[in-house]
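The values are calculated or read from the model by the stated rules, or taken from the named source; none is laboratory data. Note that the structure is predicted; figures quoted are calculated from it, not measured. Glycine gets a Cβ as well: all are built from the backbone with ideal geometry, and neighbour counts include every protein chain shown. Side chains included, ligands, DNA and RNA excluded: accessible areas come from the protein's heavy atoms. Shrake-Rupley method; radii C 1.70, N 1.55, O 1.52, S 1.80 Å.
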Amino acid sequence: MNQFLKTSVFLMSSALLLGSCSDENTPNEEEKKEPIESDAKYIGQAVGNFKAEEWLPGGELGTTENVSSNCYEDETPAVTNQGFTARFNQGDLMASTPYTLSNEPYKGWGPCASRRACEYCHAGGYAHGHSRNDFKPVMGNGYIVSVYHPDAPGSNNGEPIDQLTTFTMTMADSPFLPQLNPDKVTITWKDVTSMPSGLAMRFPDGEAFSLHYPEVSIPQDAFNADPQPTNYAVRLIASCNFQGLGLIDALSNEDIEAQYKTESEHVELNPEFWDNNAKKLKDEAYAEDAFGKKFVKRFNYDLLEGCLQNDVALWDELNILRSDIKHICSTPAWAKAMSENKDVIDKVMAEGKNPSSRLHPYYYDGTREGIKEALAYLLSPDDNVNLYDNKYYKFKPEMTDDQYHSFIVWHRGIAVPRARNLNNPSVQRGKELFMSMGCTNCHKQSWTTGPDNYGRSKIIEGKDLPHYPGQKIYPYSDFIQHKLDMINDIHGSWCRTTPLWGRGLSLINSGAEDRLHDARARNEVEAIMWHCYSKNSQAYNTAVKFYNLPKADRDAVVMFLRSI
């Protein structure tokens with residue numbers, strides 16, 4: 001008999017026996033509760049305080065009806081209806097298949113890399129990263145590190161060091177060494193014993209909660225670079241989930257600009273992007289596509305990008321060469337260290353003369369000085385490097401333009417799961433509280449996508465992509481950074497408001513439901529309580545309202561968050 005069935009039968013039998021032995025046959029508390037009604041007959045209808053359209057948080061073109069354990073990987077109806085399914089599937093394989101040095105079609109990995117495939121970081125159907133105790137580049141570990149020179153003692157902000165790429169490269173093809181040795185990175189999880197806001201670590205009704213956060217240390221000799229960094233601090237960053245990226249990309253500049261202006265009337269915004277005196281976005285708030293078209297930055301915790309088609313994944317994570325980028329992803333300090341590394345030069349001298357050797361590109365004239373010169377040029381990230389036309393070795397793109405087109409179709413085509421259980425009174429109560437407490441001041445409930453005049457890279461100029469014009473969507477994010485002021489946080493405590501759509505299905509898709517930028521929150525309650533860890537948090541007054549709710553209402557808010 002199936003073990004689950006055995007357990008179920010045992011539990012049912014035990015309940016019957018306990019019931020028959022009771023003196024009064026009084027139903028217990030669980031038996032008193034009304035059974036949860038299925039949402040099947042309500043889908044697509046207005047119910048309680050939910051509009052009919054809220055069942056489709058990604059709109060008609062961006063929502064999958066699938067809410068099972070594989071829904072995070074679904075294509076949008078736009079992909080299906082607009083004839084992109086074959087390309088989507090090809091792009092999905094490109095993101096999930098481990099790359100090798102030379103096996104077609106997933107070839108070209110290295111010489112240094114962050115992981116073997118996109119799904120190594122974004123495991124569980126491209127879900128949010130999980131909390132970990134180590135930094136090993138294995139499937140399911142989505143951590144990268146932010147290493148920076150603190151702008152003041154103990155600061156969580158400062159200029160990034162020059163020795164690491166954005167997506168920390170912890171792997172390399174021998175004899176090369178990774179930019180950072182992952183075995184020397186130490187992650188220690190610290191328990192919070194008290195909050196500087198003065199709130200107790202238990203709710204007024206007595207229910208306790210716990211918080212923890214990571215501390216990261218990296219010794220100087222973990223950096224394979226010349227020079228090695230000095231005076232640096234380290235923070236963790238977990239991978240983001242991919243659902244609905246095409247819909248976010250379809251939001252208009254004008255609507256995001258208007259949201260900044262509205263919010264700036266009530267709260268300070270990140271001065272890196274917003275002029276709080278002139279009340280307007282700075283140039284730094286915009287990113288340009290390959291043809292100079294500007295887009296308000298909206299992606300990632302630190303608002304790195306504003307145009308999804310600027311994405312250089314596979315190149316900046318796996319170093320897969322493509323036609324529009326003519327150098328590898330590395331750092332000058334790493335390239336210098338590798339070009340002067342005796343073991344690397346010895347290995348190239350010993351094996352590189354053979355044209356079939358993977359080290360042949362670096363052999364050049366076979367002399368130590370010639371090999372050093374070739375390594376310094378071919379491993380450099382300098383924009384003046386041209387791997388396809390130089391005197392040392394003429395590489396070829398490892399990804400075709402057609403393959404990259406498919407990759408972007410996939411990236412822009414991942415659906416948002418439909419909402420669940422909106423007919424449930426507790427979910428409706430949770431929404432009422434979420435709105436009344438002021439959570440939507442930052443977790444903006446809905447947007448309408450613009451005409452979706454998406455940006456382009458040179459590779460996909462003139463090529464079609466999944467298109468999402470005029471969609472009413474419910475991401476529950478303003479795509480603006482706010483300050484939470486948590487211990488050991490990052491980027492001056494400024495972090496983009498995370499979209500909440502579909503996150504309630506994280507556990508069944510990925511096996512975890514960690515939240516926040518470094519996956520420090522193990523569930524929704526912890527995530528909310530980090531919002532009132534400090535009175536300097538811009539969400540403090542809202543989160544305190546949650547803190548003071550009775551348990552039934554706190555549970556209702558959690559049910560709501562797991563349903564949208």
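Just so you know, in the stretch 172-188 the residues that are open to solvent by 50 Å² or more (accessible area, probe 1.4 Å) and part of a strand (DSSP E or B) include one that is nearest to Met349 (Cα to Cα), and it is Thr186.
Which is farther than 30 Å from Glu215 by Cα, in the same structural domain as Phe407 (by the TED database), of a type in the set (Val, Ile, Thr) and surrounded by fewer than 22 Cβ atoms within 10 Å (Cβ to Cβ), of Val47, Val67? Give the derivation first.
Values: Val47 fails: in the same structural domain as Phe407 (by the TED database).
Testing whether each residue is farther than 30 Å from Glu215 by Cα, in the same structural domain as Phe407 (by the TED database), of a type in the set (Val, Ile, Thr) and surrounded by fewer than 22 Cβ atoms within 10 Å (Cβ to Cβ) leaves just Val67.
Taking every residue in the stretch 225-237 that is on the phi < 0 side of the Ramachandran plot and pairing it with any residue that is part of a strand (DSSP E or B) and open to solvent by 30 Å² or more (accessible area, probe 1.4 Å), at least 6 positions away or on another chain, the pairs with Cβ-Cβ distances below 7 Å are Tyr232/His149; Ala233/Pro150; Val234/Ser217. Step by step: first the residues of the stretch 145-155, then only those that are small (Gly, Ala, Ser) and either modelled with pLDDT under 95 or more than 16 Å from Asp302 (Cα to Cα) (or both), then the one that is surrounded by the most Cβ atoms within 10 Å (Cβ to Cβ). Which residue is that? Residue satisfying both the conditions and the ranking: Ser155. Restricted to the stretch 111-144, and to residues there that are part of a loop (DSSP other than H, G, I, E, B) and hydroxyl-bearing (Ser, Thr, Tyr), the residue that is surrounded by the fewest Cβ atoms within 10 Å (Cβ to Cβ) is Ser131. Note on the stretch 432-453: residues that are open to solvent by less than 20 Å² (accessible area, probe 1.4 Å) and over 23 Å from Leu247 (Cα atoms) amount to 4.
Conditions (1) at pLDDT 95 or above; (2) over 30 Å from Ala527 (Cβ atoms); (3) touching a strand residue (DSSP E or B) at 6+ places or on another chain (Cβ under 8 Å), marked per residue:
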| position | (1), (2), (3) |
| --- | --- |
| Trp109 | yes, yes, no |
| Ser114 | yes, no, yes |
| Gly125 | no, no, no |
| Gly129 | no, no, no |
| Arg132 | yes, no, yes |
| Lys136 | yes, no, no |
| Tyr143 | yes, no, yes |
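Of the candidates Arg429, Arg456, Arg418, the single residue that is among the basic types (Lys, Arg) and surrounded by 20 or more Cβ atoms within 10 Å (Cβ to Cβ) is Arg418.
From Leu236, Leu251, Leu247, grab the single residue that is of a type outside the set (Gly, Ala, Ser), within 20 Å of the chain's Cα centre (by Cα) and in a loop (DSSP other than H, G, I, E, B). Before you say what the answer is, go through the steps one by one.
Details: Leu236 fails: in a loop (DSSP other than H, G, I, E, B); Leu247 fails: in a loop (DSSP other than H, G, I, E, B).
Only one candidate passes the filter, namely Leu251.
Only a single item in (1) open to solvent by 60 Å² or more (accessible area, probe 1.4 Å); (2) assigned to a loop (DSSP other than H, G, I, E, B); (3) not aromatic (Phe, Trp, Tyr) is not met by Gly108, and it is number (1).
In the stretch 264-281, which residues are acidic (Asp, Glu) and open to solvent by less than 60 Å² (accessible area, probe 1.4 Å)?
Once the filter is applied, which keeps residues that are acidic (Asp, Glu) and open to solvent by less than 60 Å² (accessible area, probe 1.4 Å), the stretch 264-281 yields only Asp275.
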